[in-house]
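To start, the structure under review is shown below, and the notes come after it.
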Amino acid sequence: MSSAPPALSTEPGPSTRRGGWTAMILVIACAAQFMVVLDVSIVNVALPGMKASLGLSPAGQQWIVNAYTLAFAGLLLLGGRAADLVGARRTFLTGLGIFTTASLACGLAGDGTTLIAARAVQGIGGALLAPATLTLIMTNFTEPRSRARAMGAWSSVNAVGGAAGAVIGGLLTEYAGWRWVFFVNLPIGIAILAAALLYVPGVPGSRGGLRRLDLPGALSVTVGLTALVYGIISTESSSWASPQVWAALGLGVLLLTAFVVIESKVAAPLVPLSVLRRRTLALANLVMIGLGSAMFAMWFLLSLYLQQVLGFSALKAGLWFLPGCLAVMVGARTSAHLVHRTGPRPLLVTGMAISTFGFLWLSRIAPGGAFTTDVAAPFVLCALGLGLAMLPVTVAATTGIERREAGLASGLVNTSRQVGGALGLAILAAVAAHTARDHAGSGAQALTAGYGQAFLFAALFTACAALGSLFLPGRPATADPGAGPGPGSGPGSGPGSGPASPGGPR
């Protein structure tokens, strides 16, 4: 083993680059990505414990999830640009430090406001960290075959991390308390930090890199999305006609309009508007928004139903999520084997059709129903459809995209998944709350009616995604291992883009 890591290059390097140093870089990148993806889903099973401990309202429970998701989604593309312009190592270490410190603040939070704020900071750290992990892989694994293997490992970590969060969250909440779903990041983060300081080489960023970051664009889209979600969530306690709701929704629309104007004016936009004129890319992102809207809410609502209606403990609820986790992985592996032979459209339509049937089945849940047939079976179908669809929608988004734009295209589709998740959770939770409030019954009956109606709306989202998928490419997609970052399989996957990616400078 050499005494220092080899210099980064965008050309295939000597055999030592496939040895100990690059192996450690892959381990570091995958471990960090696992931690980021895990935090999207690990809190779901712990939410009832947080509610009891901190006196959270139903809206407060949503913000525990959405504060992280919105910050992550809104700043994900900025994180990718930072990795390119400032340097992957610097961005990686900064994101890791913010994420780990915010995890400590989450675990120590004494009230809901502090916890929600710390979760937002966690999302900021994740938005810097996730793209940097992929940039490290793309710049250190330059030989096509080794890059394909490295990307396979990274994508597998995404799938496992996103799916296993509920199980790990249940174990930690049951035996150590809900605070440990955050404290668990501390030893992992510190170990990754120590390894990164030793093994991840530094590369100078672009001259004036910080000045070239599109901070106004990132802030306008992040705050705009947050305002929209706040307006939707506010309808649970206020009417749609209330000034509070309209002010939040109006501010959200105004800021998102400002984002479009900013992107058309700045020299280095986060999202060059020209790429959105590509019909396939734009449609794939709309499909991903519909998919994410249903799937993020599925884990949240089922966790509450299992614990608040069926009376499951956090551990039992987490373990009962395991069949769904396995179904996600089975679907992901199946689509990985088939997508380059069938093209993305058949797998997307099939996956969304399976999920739609599963959500329609879930919408029939009852307070005293049989768990295996009324919950577990349809949940597995929903998860299987998710696994089948994630890879094909990313392939569709990057089909026909030039090498230099592959990172941007893949980053957009991953951002769309997070945006869809945040908006979908707000909408479906509002549907559940309104239905429960208007239901003639009370207690478990009202809650169940609300969750059932929310799952019915989730079926509508996935059905729309299936219809949209019919217009995506149906021909087999040709894969170029060097063309770009490729697909991510997990809820937190987010690629870097720009000069550090194999496509070269834009």
Over region 328-388, with a single point scatterer placed on each C-alpha, what log10 of the ratio I(q)/I(0) does the Debye formula yield at q = 0.12 1/Å?
-> -0.32
Beta carbons within 10 angstrom, averaged per residue: use that to sort the peptides 268-279, 327-338, 381-392, highest first.
-> 381-392, 327-338, 268-279
To the nearest 10 degrees, the tilt of helix 112-140 (Cα long axis) against the first principal axis of the alpha carbons of the chain is 30
Rounded to the nearest 20 debye, dipole of region 271-487 from Cβ charges on Lys, Arg, Asp, Glu = 420
Taking the chain and dividing mean pair separation by its residue count, relative contact order in percent (alpha carbons under 8 Å, at least six apart) | 23
Order of ARG212, ARG119 - criterion: other Cβ atoms within 10 Å of each residue's Cβ, fewest first | ARG212, ARG119
Per-residue ellipticity at 222 nm attributable to helices in the chain (runs of n ≥ 4 DSSP H, -39500 (n - 2.57) apiece, nearest 500 deg cm²/dmol) works out to -24500 deg cm²/dmol
Given N residues in region 117-194, what is Rg(Cα) / (2.2 N^0.38 Å)?
-> 1.32
For region 271-487, averaging the sequence separation of alpha carbon pairs under 8 Å that lie six or more residues apart and dividing by its residue count, the contact order in percent is 38
On Cα atoms only, tilt of 322-342 relative to the major axis of the chain in degrees | 50
Just order 176-183, 356-363, 105-112, 165-172 by mean Cβ neighbour count inside 10 Å, highest at the front, would you?
-> 165-172, 356-363, 176-183, 105-112
With contacts defined as alpha carbon pairs under 8 Å and 6 or more residues apart, what's the relative contact order of region 16-201 in percent?
-> 38
Cα-based Rg of region 16-201 normalised by 2.2 N^0.38 Å, two decimals | 1.03
If you find the alpha carbon centre of region 445-467 and of region 115-160, how far apart are they in angstrom?
-> 32
In whole Å, what is the distance between the alpha-carbon centres of region 288-313 and region 95-112?
-> 24
Taking the alpha-carbon set of region 271-487, what are its Rg and Dmax in Å?
-> 18.0, 59
Listing PHE72, PHE300, PHE312 from the residue with the fewest other Cβ atoms within 10 Å to the one with the most, what is the order?
-> PHE312, PHE300, PHE72
Let me know the charge dipole size of region 65-164 about its Cα centre in debye, to the nearest 20, where only the beta-carbon of Lys, Arg (+1) and Asp, Glu (-1) is charged.
-> 300
In degrees, nearest ten, helix 88-108 long axis to first principal axis of the chain (Cα) = 30
Just name one of THR356, GLY324, GLY385: the one whose Cα is farthest towards the positive end of the charge dipole of region 324-405 (beta-carbon charges, Lys/Arg +1, Asp/Glu -1).
-> GLY385
Along the charge dipole of region 271-487, which of ALA454, VAL287, PRO367 sits closest to the positive end, that is, farthest toward it, with unit charges on the beta carbon of Lys, Arg, Asp and Glu (+1, +1, -1, -1)?
-> VAL287
Around ALA59: net Lys/Arg minus Asp/Glu count, Cβ-Cβ under 12 Å | 0
Compute the signed sum of charges (Lys and Arg +1, Asp and Glu -1) over the other residues within less than 14 Å, Cβ to Cβ, of PHE371.
-> +1
Where does each of TYR68, TYR451 land when they are ranked from fewest to most other beta-carbon atoms within 10 angstrom?
-> TYR451, TYR68
Under a point-charge model restricted to the Cβ atoms of Lys and Arg (+1) and Asp and Glu (-1), what is the dipole moment magnitude of the chain relative to its Cα centre, in debye to the nearest 20?
-> 1080
Putting +1 on Lys and Arg Cβ atoms and -1 on Asp and Glu Cβ atoms, find which of LEU306, ILE427, GLY443 reaches farthest to the positive end of the dipole of region 271-487.
-> ILE427
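FYI, it's all coordinate maths here, none of it is from the lab. Quantities reported herein were computed from a predicted structural model and do not represent experimental measurements. Reconstructed Cβ throughout: ideal geometry from the backbone, glycine too, with neighbour counts over all protein chains shown.
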